[in-house]
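The values are calculated or read from the model by the stated rules, or taken from the named source; none is laboratory data. Computed from a prediction, not measured in an experiment: that's the story for all the values here. Every residue, glycine as well, gets a Cβ built from its backbone with ideal geometry; the counts of neighbours run over all protein chains shown. Side chains included, ligands, DNA and RNA excluded: accessible areas come from the protein's heavy atoms. Shrake-Rupley method; radii C 1.70, N 1.55, O 1.52, S 1.80 Å.
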Amino acid sequence: MRIAIYLGNNVGSTVDARNIENGNPGVGGAHYCLLMLAHYLNKINKYKVGIITVRDYIVADGIDIIKVTQDEEVINEAIQWNTDVLILKQFPNSPLRSLIQKSDLKVIVWSHNFLSSDFCRYITETPQIKCNVFVGKQQYDSYIDNDVISKSIVIYNMVTSDNTKIHRINDGRSVVFMGAICQKKGFLEMCRIWPGILKDIPNARLIVLGSGKLYGDKQLGPYGIADERYEKQFIPFIIDKNGRLLPSIEFKGVVSHEKSDYFCNASVGIVNPSGSRETFGMGIVEMGRSGLPVVTIGTTGYYDTIINHETGILEKSQEKLQKSIVNLLKNRDLNHKLGGRSHALK
């Protein structure tokens, strides 16, 4: 069987995904999962795997790279490659919609994000789409009264399980934020509470793993952190009176396998503290593998990945979020309890 996986039309620098089993090589969570899927399917002799992509990827031997420049080319290239099954994440406003309906391909949609009612109807009414995969039980339950459920199943996002080399230090002062520096990933919310955290813990430091370019090339603002419009929203919270970035904040950009070193040396992990529209929270699982307790806002998919007050903390407001971060920085026993429990669950 020949399985083609379309990674979407994101652009950016070349990504080396040959050692994907060691962790995210520096791409978005959905792309990480799609690359892992290709990697593990490639290990099964009965499958031939191809990755259809705009961006350049270096992958394991045996996986074909099929280059395209835009969505319009995907279906034709998949047909030319003699694809039996095409797997891709949702594509609500793409020309792929009509092209799939004109093809004889068997298609699986891997829905890493929430779906519009229009796209649900498209999935339901398109015979070429054989299955829609939701990545969390909460996400699935959100559509329980929609016809799309007739084609839908739940498969949690995959993650590698080898944690034998993990040794957590917990420095008592470091908070790690991981995610794209964009509106939907909550960096503004993190910046809003950071000055208050510094008042309680003056030597605290915020390590930011991510970039405004994680999902593709963008023109960044004057500080080189995010696009100019979004940068203007959060910058006032993290600069001094002279306009200089606070020395307590370290921007590491897009990181790859070395992110586990940051996790093991830190005290608290933060993933999208806006809590907005999350379906699973891949970063939570990655941090949990290192025994790093995560604090965030408890909405949508996070209840699939955090047992509240056992493997992390899910709060209901920014004020409580700030207090919980401070508490975990100060209370080593609680920190160890939550971190150790999250480590044991993997």
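Given the options LEU37, LEU86, LEU41, name the one that is closer than 25 Å to CYS131 by Cβ and within 19 Å of the chain's Cα centre (by Cα).
LEU37
Got at least one residue in the stretch 274-292 being open to solvent by less than 20 Å² (accessible area, probe 1.4 Å), touching a strand residue (DSSP E or B) at 6+ places or on another chain (Cβ under 9 Å), over 21 Å from PRO25 (Cβ atoms) and among the aliphatic types (A, V, I, L, M)? Checked against the condition, which is being open to solvent by less than 20 Å² (accessible area, probe 1.4 Å), touching a strand residue (DSSP E or B) at 6+ places or on another chain (Cβ under 9 Å), over 21 Å from PRO25 (Cβ atoms) and among the aliphatic types (A, V, I, L, M), the stretch 274-292 yields no hits at all.
Within the stretch 125-147, residues that are open to solvent by 10 Å² or more (accessible area, probe 1.4 Å) have Cβ atoms under 6 Å from residues that are of a type in the set (Gly, Ala, Ser) in these pairs: GLN138/GLY301, counting only partners at least 6 apart in sequence or on another chain. When the residues of the stretch 51-103 are filtered to those that are among the polar types (S, T, N, Q) and in a helix (DSSP H, G or I), which remaining residue is nearest to ASP118 (Cα to Cα)? Among residues in the stretch 51-103 that are among the polar types (S, T, N, Q) and in a helix (DSSP H, G or I), the one nearest to ASP118 (Cα to Cα) is SER98. So which residues in the stretch 94-124 are among the small types (Gly, Ala, Ser) and buried (at least 20 other Cβ atoms within 10 Å of the Cβ)? Listed by number, the list holds a single entry, SER111.
Looking across the stretch 293-319, the residues that are touching a strand residue (DSSP E or B) at 6+ places or on another chain (Cβ under 9 Å), within 19 Å of PHE177 (Cβ to Cβ) and not in a loop (DSSP other than H, G, I, E, B) come down to VAL294, VAL295, THR296, ILE297, TYR302, THR305, GLY312, ILE313, LEU314, GLU315, GLN318.
Among the residues of the stretch 190-216, those identified as among the charged types (D, E, K, R) and either within 22 Å of GLY283 (Cβ to Cβ) or open to solvent by less than 40 Å² (accessible area, probe 1.4 Å) (or both) are ARG192, ARG205, LYS213.
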